[in-house]
Amino acid sequence: MKKGIILLGLFGLLFSCNDATDITQAGELNDQRLFTNVANMQLFLNETYDKLATETDIVTSSKLSDEIAIGSGLTVDDTQRFFVTTTNTEARTIWGTHYGLINYCNRVIRGATYFTPPAADVPAYNSILAQARALRAFAHFELMVYFSKDLSDDNGLGVMLVDHVPTISEDIPRSTNGALFNFIESDLSYAESNLIAPSGANAYKYVSQNFINALRARMYLYRKNYTQALTYANAVIGARPLATSLVPFTGATALYPANSAVIPPVGSGTGSTTINVSPSTAPAQAIQRALYQVDQWTSTAAPTYRKMWVDADQGEILFAIDRQNNRTNWGSQYNTNGSYLTGGPLFDMDHNLFSLYTQTMGGGAEDFRRWCFVDRSSTILADHTLATRTNEQIVIDKYPGKTGAHTANDIKVFRESEIYFIKAECLVRSGDLPGAANLIQQVRQARNYVVGGTVPTPVYANATAALADILTERRKELAFEGHRYIDLKRLGADAGVTGTDRDLIDAANSSATSPANILLGDYRFTLPIPQDEININPLPQNDGYVN
């Protein structure tokens, strides 16, 4: 790769180079001296986990699909234009981040060959290798999601398959999807056979059997191998209960008093309506108290679903990337300083997406995501027009921070609700529409916050209607988690949609020069190979992009 992206910045004091100009210094800590026992392997694996990141993937998916509008804190520049080129940040960062992780994984794997562990350490030794190979599999798959045109085409071009620590002068070609998937499955099979299950309160932040099964379920779904996807969805479904959203309220004896001074009025500006959209004022006041009391981060009274998003409870998370308070300023990807109106929102929630949360769920149920994903400081307009759009600010609150850090949150990679959607889609593909409807009803019921509300089970006339409903529910539940871009690409046509669904007024308010919405089949549903990589490693570019 001739100093390719995956190598830049990774040759420090810990690593030796094979360049002709490399000179080994006395006392240098190279790989051979580092990897001498299992304890050192574990330390390097800990550092490898730190290289796991999907933040740019998530934000790029939001920009390219229909999850966001321009926020008040975003200045007029190219970041307002919802497209990716061969030279801008998004594709380059996704490419470099995941290949950086792969490089660290390969160094763990190579380092293990430098010594023979004593018999007592062999299980731990193998488990470290299992975790490195599982993370390597995840990174290769994530790259394929963004840079391969059609994951169901085994003969189609994928990305570079990197199974070793490359030399500086080495070029690595793009492999076929089939070869990459075989490699990924080999890594996951090894991981499954050799992994020691993690334990403790933070076990879900490490590779586990749930991680392996969830990754396989997602991978086979994207490959359109629905039989295998269903097998692995069944293997992990029920591993965690769906997070609950109920807010106890019994009239005058409400858990959260309706007239509490903690709850100021919201949405009271000119041209706006109140943010309280539930059936009556009292439950709306209760839900606000549940979400926004001072001790919302740790309150046992808050719904599990809310506590999950402030990292106070595992909830339904199967695997999350650990983000300590000082690790990253993740929340500022959507909001400059915090997820509230005065926090400098860079991106608002797209109005069409917001509207989905305000729709009645039926049976007296109301959607908790309406409150959980939109900060109550938002201003929601009754007259959503081009003339008034600049007065509307729908502040994204899916990453509200955690105790001690209002912009740091763990990144939720696999959740139980996604597994429900995977299984539902597989059931539709096999003709079991009622089975799919039952799963969708369970997720919706878990998102109801009104005690006694019962979400009706949908009835699907045909497979297209069922897939359209699943796509809608994925849009609502998995928003701002990196799914929408690939969901439209792989599922949109079968669900009867034509492309993205960005609100035209939101789009008109930006300075975007590209169309507000892109149609299915558009080349932009596949990211470009970064020009920086092509400059030193002559890879074929994806269709539609000019180097």
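Given the options 373, 414, 368, name the one that is in contact with a Lys or Arg (Cβ under 8 Å, 6 or more places away or on another chain), closer than 23 Å to residue 309 by Cα, modelled with pLDDT of 95 or more and buried (at least 17 other Cβ atoms within 10 Å of the Cβ). Write out each step before concluding.
Working: 373 fails: modelled with pLDDT of 95 or more; 368 fails: modelled with pLDDT of 95 or more.
Step by step, each of 373, 414, 368 is checked, and only 414 is in contact with a Lys or Arg (Cβ under 8 Å, 6 or more places away or on another chain), closer than 23 Å to residue 309 by Cα, modelled with pLDDT of 95 or more and buried (at least 17 other Cβ atoms within 10 Å of the Cβ).
Looking only at residues that are open to solvent by 10 Å² or more (accessible area, probe 1.4 Å) and of a type in the set (Val, Ile, Thr) in the range 429-467, which one is farthest from residue 246 (Cα to Cα)?
Restricting to residues being open to solvent by 10 Å² or more (accessible area, probe 1.4 Å) and of a type in the set (Val, Ile, Thr), the top hit is 464.
Step by step: first the residues of the range 227-260, then only those that are open to solvent by 50 Å² or more (accessible area, probe 1.4 Å), at pLDDT 95 or above and in a helix (DSSP H, G or I), then the one that is farthest from residue 432 (Cα to Cα). Which residue is that?
It comes out as 235.
Report yes if some residue within the range 200-210 is buried (at least 23 other Cβ atoms within 10 Å of the Cβ), closer than 17 Å to residue 422 by Cβ and in contact with a strand residue (DSSP E or B) (Cβ under 9 Å, 6 or more places away or on another chain); otherwise report no.
no
Determine which single condition residue 30 fails, assuming it passes every other condition in (1) at pLDDT 95 or above; (2) over 30 Å from residue 480 (Cβ atoms); (3) surrounded by 13 or more Cβ atoms within 10 Å (Cβ to Cβ).
The one condition residue 30 does not meet is (1).
If the Cβ limit is 6 Å and pairs must be 6+ apart or interchain, which residue in the range 49-70 that is more than 22 Å from residue 472 (Cα to Cα) and part of a helix (DSSP H, G or I) pairs with which residue that is open to solvent by 20 Å² or more (accessible area, probe 1.4 Å) and polar (S, T, N, Q)?
Close Cβ pairs (under 6 Å, with a partner that is open to solvent by 20 Å² or more (accessible area, probe 1.4 Å) and polar (S, T, N, Q)) amount to 56/93.
Could you tell me how many of the residues in the range 291-310 are over 15 Å from residue 368 (Cβ atoms) and either of a type in the set (Phe, Trp, Tyr) or at pLDDT 90 or above (or both)? Step through it out loud before you land on a result.
First pass over the range 291-310, keeping only residues over 15 Å from residue 368 (Cβ atoms): 293-295, 297-300.
Filter once more, keeping what is either of a type in the set (Phe, Trp, Tyr) or at pLDDT 90 or above (or both): 297.
Summing the residues that are over 15 Å from residue 368 (Cβ atoms) and either of a type in the set (Phe, Trp, Tyr) or at pLDDT 90 or above (or both) in the range 291-310 gives 1.
Could you tell me which numbered condition residue 171 fails, if it satisfies all but one of (1) part of a helix (DSSP H, G or I); (2) open to solvent by 30 Å² or more (accessible area, probe 1.4 Å); (3) of a type in the set (Asp, Glu)?
(1)
Scan the range 378-405 for residues that are open to solvent by 40 Å² or more (accessible area, probe 1.4 Å) and closer than 21 Å to residue 306 by Cα and report the count.
Number satisfying all stated conditions: 2.
With the structure loaded, tell me whether residue 55 is at pLDDT 95 or above, open to solvent by 10 Å² or more (accessible area, probe 1.4 Å) and under 23 Å from residue 161 (Cα atoms) or whether it fails that test.
On the way: at pLDDT 95 or above: no; open to solvent by 10 Å² or more (accessible area, probe 1.4 Å): yes; under 23 Å from residue 161 (Cα atoms): yes.
When the stated conditions are applied, residue 55 does not pass them.
Looking only at the range 124-169, which residues are touching a residue at least 40 places away in the same chain (Cβ under 8 Å), farther than 15 Å from residue 99 by Cα and not small (Gly, Ala, Ser)?
Result: 125, 126, 128, 129, 131, 149, 151, 157.
Do we have residue 342 as open to solvent by 30 Å² or more (accessible area, probe 1.4 Å), among the β-branched types (Val, Ile, Thr) and either within 30 Å of residue 199 (Cα to Cα) or part of a loop (DSSP other than H, G, I, E, B) (or both) here? Write out each step before concluding.
Numbers: open to solvent by 30 Å² or more (accessible area, probe 1.4 Å): yes; among the β-branched types (Val, Ile, Thr): yes; either within 30 Å of residue 199 (Cα to Cα) or part of a loop (DSSP other than H, G, I, E, B) (or both): no.
The answer is no for residue 342.
Of the residues that sit in the range 112-124 and are out of contact with any Ser or Thr (no Cβ under 9 Å at 6 or more places or on another chain) and part of a helix (DSSP H, G or I), which one is nearest to residue 44 (Cα to Cα)? If you could, list the steps in order and put the result at the bottom.
Of the residues in the range 112-124, the ones out of contact with any Ser or Thr (no Cβ under 9 Å at 6 or more places or on another chain) are 112-113, 116-124.
From the residues that got through so far, the ones that are part of a helix (DSSP H, G or I) too are 112-113, 119-124.
Working: 112: 11, 113: 14, 119: 21, 120: 20, 121: 16, 122: 17, 123: 17, 124: 14 Å.
This residue is 112.
The values are calculated or read from the model by the stated rules, or taken from the named source; none is laboratory data. Everything numeric here is computed off the predicted structure, so don't read it as measured data. Virtual Cβ from ideal backbone geometry, glycine too; neighbours counted across all protein chains shown. What goes into the accessible areas is simple: the full protein's heavy atoms, side chains included, and nothing from ligands, DNA or RNA. Shrake-Rupley method; radii C 1.70, N 1.55, O 1.52, S 1.80 Å.
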